[in-house]
Amino acid sequence: MRARIKKNDTVVVIAGRERGKSGKVLRVIPSTDRAVVESLNMVKRHQKATSPQTPSGIVDKEAPIHLSNLMFLCEKCNAPTRLGKKVLEDGKRVRVCRRCGEELDG
């Protein structure tokens, strides 16, 4: 399945312990249908010192969230919405908000 959510999209978590929170997508991992969202689903990881500038210790980092638990947040209607696709006259494909019809990839 091809992901409709892309990097730098604003999304809302609809399931899990982070439900109701929103954030910006940092990266999408299509092979596992997951995305990393900024400051959501934080986990603690032990990190080895790689250089004197990066000390060792326990660091907080974002863990991936499955795409089925994320929903796109439309900026125009300010609500979580599904995404559709539309083909323009020049043959270019754009994503559209199913709630308000706004073209997203302009």
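Data overview
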| read-out | value |
| --- | --- |
| Full-extension gain in nm, residue 59 to residue 15, via 0.36 nm per residue minus C-alpha separation | 13.3 nm |
| Magnitude of the charge dipole, the chain, Cβ model with Lys/Arg +1 and Asp/Glu -1, debye to 20 | 300 debye |
| Order of 40, 26, 104 - criterion: other Cβ atoms within 10 Å of each residue's Cβ, fewest first | 26, 104, 40 |
| Of 21/92; 21/44; 44/92, those spanning more than 31 Å from alpha-carbon to alpha-carbon | 21/92; 44/92 |
| Note, ³J(HN,Hα) from phi for segment 23-33, Karplus 6.51, -1.76, 1.60, rounded to Hz, x at Gly and Pro | x, 9, 6, 8, 7, 10, 10, x, 5, 10, 6 |
| ³J(HN,Hα) computed for each position of segment 97-102 - Karplus, 6.51 cos²θ - 1.76 cosθ + 1.60, integer Hz, glycine/proline x | 6, 6, 7, 10, x, 5 |
| Cα-based reach from residue 24 at 15 Å (exclusive), listing aspartates and glutamates while leaving out same-chain residues under 8 positions away | 9, 38, 62, 75 |
| Intensity falloff of the chain expressed as log10 I(q)/I(0), Debye formula with alpha-carbon point scatterers, at q = 0.11, 0.13, 0.20 Å⁻¹ | -0.43, -0.56, -1.02 |
| Residue exposure sequence - 71, 42 - by fewest surrounding Cβ within 10 Å | 42, 71 |
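Every number here is computed from the coordinates shown, using simple stated rules; none is lab data. Since the structure is predicted, the reported quantities are computational estimates derived from the model, not experimental observations. In this analysis, Cβ positions are derived from the backbone assuming ideal geometry, glycine residues included, and neighbour counts consider all displayed protein chains.
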